[in-house]
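One structure is given here, and the rest of the page talks about it.
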Amino acid sequence: MSGTAVVTGAASGLGRAIAHRFAQEGIKVALWDLDLAGAKRAAGEIGALATPFAVDITDTSAVKAAWSATKAALGMPSILVNSAGILGPSAGIASYPEEMWHRVLDINLNGTFRCCQAAVPDMVANGYGRIVNIASIAGKDGNPNVAAYVASKAAVIGLTKSMGKELATSGVLVNAISPSASATAIFGPLTDERRVKLLANVPMARMVRPEEVAELAFWLSSPACSFSTGATFDISGGRATY
């Protein structure tokens, strides 16, 4: 498998693991991240197939410019993985800071929308594309005290369903992944107490490994995924209830 993939949030966590997995298959990977130094470190780990780009996905013009720069440097991407996201503060709804509500949605939901909007015209024109949006099992089940995160991930699932139907006959397939908790930077330092809470509803009683999410993202980004679109694929150790 060859070609070019864009992975957002690729400096760390799930995005970094997904970028590694693509490069293992000979795919050129554009590592999009606000943290350029982190993206450069990830590119150094991955090797010659990885190219870092500083991208603020809350800025529409920056996303469009990065898409054009990626095409010029690596060729037209046929894969987009929207992995960039933040958890936001832990607070009850009555005291949740409104500015952080907007910030979380602007990155997790609107950022995904902006990247899809930049990618879709070229993919449709080419008659082929794979888009994978990283949602969360919390977007299905709900978690307390992280309302903006849960709302944003539920909305990403809805966006995926809408795009999947819209583009179903275009050759561009759009799917989402809803992982349970993983020991990545999004959660910050994990105390034993917090780990217990995160695993309370996971029958397999462990966190998902980034490499496991990356394997699913790779399949959804490949030609082998040929008849699934607008779908949400759970990787939650049995937590998913629907």
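The values are calculated or read from the model by the stated rules, or taken from the named source; none is laboratory data. Given the structure is predicted, the values throughout are model-derived calculations rather than measurements. Glycine also receives a Cβ, built like all others from the backbone with ideal geometry; neighbour counts cover every protein chain displayed. Just so you know, the surface numbers come from the protein's heavy atoms only, side chains and all, with ligands and any DNA or RNA stripped out. Shrake-Rupley method; radii C 1.70, N 1.55, O 1.52, S 1.80 Å.
In table form, for the structure just shown:
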quantity	calculated
Surface per residue (accessible, 1.4 Å probe) for region 146-242, Å²	49
Accessible-area order (highest first, 1.4 angstrom probe) of the listed residues V7, V196	V196, V7
Gain on full stretching of the segment that runs from D59 to A94 - 0.36 nm per residue minus C-alpha separation	9.7 nm
Computed P(r) (all Cα pairs; region 120-242; 10 Å bins; percent)	13, 41, 30, 13, 3, 0
Calculated FRET value between A37 and D192, using beta carbons and R₀ = 35 Å, to 0.05	0.65
Cut-off 18 Å (backbone N to label point 7 Å along Cα→Cβ of S222), residues of region 1-44	1-6, 17-29
Accessible surface of region 1-133, 1.4 Å probe, proportion on carbon and sulfur as whole %	54
Sequence of I86, I177 from largest to smallest accessible area, 1.4 Å probe	I86, I177
Per residue accessible area of region 1-100, 1.4 Å probe, in Å²	41
Estimated Rh, the chain: Kirkwood, alpha-carbon pairs, angstrom	17.8
Whichever lysines have a C-alpha closer than 26 Å to that of K140, once near sequence neighbours (fewer than 8 apart) are set aside	K153, K161, K165, K197
Extension gain (nm, one decimal) between N110 and E25, 0.36 nm per residue minus Cα-Cα	27.6 nm
Order by protection proxy (mean Cβ within 10 Å, highest first), peptides 102-112, 127-137, 162-172	127-137, 102-112, 162-172
0 to 90° range, to nearest 10: angle between helix 36-46 axis and the chain longest Cα axis	70
